[in-house]
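Colleague: Mind having a look at this structure? Questions to follow.
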Amino acid sequence: MFKTDRSPQLNTVLFASGVILSIAMGVRHGFGFWLYPISQHHEWTRETYSLAMAMQNLMWGLFGPFAGIAADKLGAARVVFVGALLYMAGLLCMALVDNSDWFIISSGVLIGAGLSCTAFGALTGIIGRTASMTQRSWAFGILGAAGSFGQFAMIPVEQQLISAMGWQQALYLLAGMLAFIIMPLTFLLREPVAKASDEHRPQSITEAIREAFAHRSFQLLVCGYFVCGFQVVFIGVHLPSYLADQGITDPKLAVMALALIGLFNIFGSYYAGKLGGIMPKPWILSAIYFARALFIALFIFTPVSTTSVYIFAASMGFLWLSTVPLTNGVVASIFGVRYLSMLSGFVFFSHQVGSFLGVWLGGYLYTLQGSYQTVWMITIALGIFAGLINLPISESAITRKEAIAA
């Protein structure tokens, strides 16, 4: 997957970033398996755990821009190291805290902050700065594929750990994995030497933020990414429970479904990144959102069976994180890479607001109605909306006054 014609530094950064993201995202994608045992152990409703996961996703997005600013200024290595510590503390809180309010706050805030430092935000910037313009979309695709591989590889492991050791011991083991694998890898995240062209851009952080939020394409990208977060986190957390409600009680099917999403998204993310280098990225994004709406509709309006679950998981998997390399690629194409981590963090905040609403609304409406049907309908409508608003996005590089003067 790492091509020999790429620079050794890019290959090293891609390897370290890929492993870090695989573990960070792999652990996170398995949180749906803790919904039932934790709720049963503490005698909580599904809404309590859903709210904790919603808080986690919201905090992930809220801390994202700040983690991005720190990564752009101090380097990704330091940010990822601190993030691993926070993530580890959050997992320990999930295992130890028995008060529902403190569970929501501690696991939500700590893991959310940890993910903002160890997932796409901080890593996107160093990849964008290390890769050349022609390599960038491909490199983002590799990073997205790594996150998907983590989901594919870790989800069965997490389910087996819960079955073999119990849900608390499984959380302890995952916390140790963060300490002994992610932290040492941060020493490989060496920032590239600043390019001479960067010295002619005296833009401040405040100016970069104002420039981005005044740009129509950035505004549309932010709105579209909200939908991505709503869809994937609702499905990732609530799909196992939805299948159980439909009479499919074998936990292995839910494990296989989530693993298939991760497996097929390895290819989806990689090829989305490759296609983004030769086709307009906004067009590909629109196609992804329209396709998501179609496959969700087919899934909920046909009888649920083992076959339909596998088809749905494979289809959604191909579209799962394929939005990430394209969205980050559009941001880099328009604004450059100097503040890429920060701007990607702002876009991702919108994603996480959607994630918060998706996971919380799933639990809230289920408690209220005893069904996920309303939330499924919302995911379809949002997919159509996102497909439409991505079509007019332009990825042309912005022209700055100082560039013209030069």
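The values are calculated or read from the model by the stated rules, or taken from the named source; none is laboratory data. Note that this is a predicted model, so its numbers are computed, not measured. Here the Cβ is made from the backbone with ideal geometry for all residues, glycine too, and neighbour counts use every protein chain on show.
Colleague: So, in the stretch 6-42, exactly how many residues are within 21 Å of THR249 (Cβ to Cβ) and out of contact with any helix residue (DSSP H, G or I) (no Cβ under 9 Å at 6 or more places or on another chain)? Can you show your working first?
Modeller: Within the stretch 6-42, the subset within 21 Å of THR249 (Cβ to Cβ) is 30-41.
Now drop any that are not out of contact with any helix residue (DSSP H, G or I) (no Cβ under 9 Å at 6 or more places or on another chain), which leaves 40.
Going through the stretch 6-42 one residue at a time, the tally reaches 1.
Colleague: Okay, next question. Determine which single condition SER394 fails, assuming it passes every other condition in (1) touching a residue at least 60 places away in the same chain (Cβ under 8 Å); (2) surrounded by fewer than 18 Cβ atoms within 10 Å (Cβ to Cβ); (3) on the phi > 0 side of the Ramachandran plot.
Modeller: Unmet for SER394, out of (1) touching a residue at least 60 places away in the same chain (Cβ under 8 Å); (2) surrounded by fewer than 18 Cβ atoms within 10 Å (Cβ to Cβ); (3) on the phi > 0 side of the Ramachandran plot: (3).
Colleague: A further question follows. Does the stretch 108-118 contain at least one residue that is part of a helix (DSSP H, G or I), more than 15 Å from VAL237 (Cα to Cα) and over 14 Å from the mean Cα position of the chain (by Cα)?
Modeller: yes
Colleague: I've got another one for you. Out of the stretch 62-86, which residues are surrounded by fewer than 18 Cβ atoms within 10 Å (Cβ to Cβ) and under 15 Å from GLN352 (Cα atoms)?
Modeller: PHE66, the sole residue that qualifies.
Colleague: Out of all the residues in the stretch 124-147, is one or more in contact with a Cys (Cβ under 9 Å, 6 or more places away or on another chain), part of a helix (DSSP H, G or I), of a type outside the set (Ser, Thr, Tyr) and buried (at least 18 other Cβ atoms within 10 Å of the Cβ)?
Modeller: no
Colleague: Conditions: (1) touching a Lys or Arg at 6+ places or on another chain (Cβ under 8 Å); (2) surrounded by 22 or more Cβ atoms within 10 Å (Cβ to Cβ); (3) modelled with pLDDT of 85 or more; (4) not β-branched (Val, Ile, Thr). GLU158 meets all but one. Number of the miss?
Modeller: For GLU158, the exception is condition (1).
Colleague: Would you list the helices (runs of 4 or more DSSP H) that sit entirely within the stretch 6-95 and hold 3 or more residues that are under 19 Å from SER148 (Cβ atoms) and touching a residue at least 12 places away in the same chain (Cβ under 8 Å)?
Modeller: Values: elements: 8-29, 35-42, 46-74.
Filter on the stretch 6-95 gives 8-29.
Colleague: To continue, here is another question. What pairs can you find where one residue is in the stretch 368-379 and without any contact (Cβ under 8 Å) to a residue 60 or more places away in the chain, the other is surrounded by 13 or more Cβ atoms within 10 Å (Cβ to Cβ) and in a helix (DSSP H, G or I), and their Cβ atoms are less than 7 Å apart, with a gap of 6+ or different chains?
Modeller: Listed pairs, sorted by first residue: THR374/LEU365.
Colleague: Give the residues of the stretch 240-288 that are of a type in the set (D, E, K, R) and in a helix (DSSP H, G or I), sorted by residue number.
Modeller: As a first pass, look at the stretch 240-288 and keep what is of a type in the set (D, E, K, R): 245, 250, 252, 274, 281.
Correct list: ASP245, LYS252, LYS274, LYS281.
Colleague: Keeping to the stretch 296-311, report how many residues are over 12 Å from LEU243 (Cα atoms) and either touching a His at 6+ places or on another chain (Cβ under 6 Å) or surrounded by 18 or more Cβ atoms within 10 Å (Cβ to Cβ) (or both).
Modeller: 1
Colleague: List every residue pair whose Cβ atoms lie under 7 Å apart, where the two residues are 6 or more positions apart in sequence or sit on different chains, the first residue falls within the stretch 96-108 and is closer than 18 Å to ALA170 by Cα and among the charged types (D, E, K, R), and the second residue, located anywhere, is assigned to a helix (DSSP H, G or I) and modelled with pLDDT of 85 or more.
Modeller: Short answer, once both residue conditions are applied: ASP98/HIS42.
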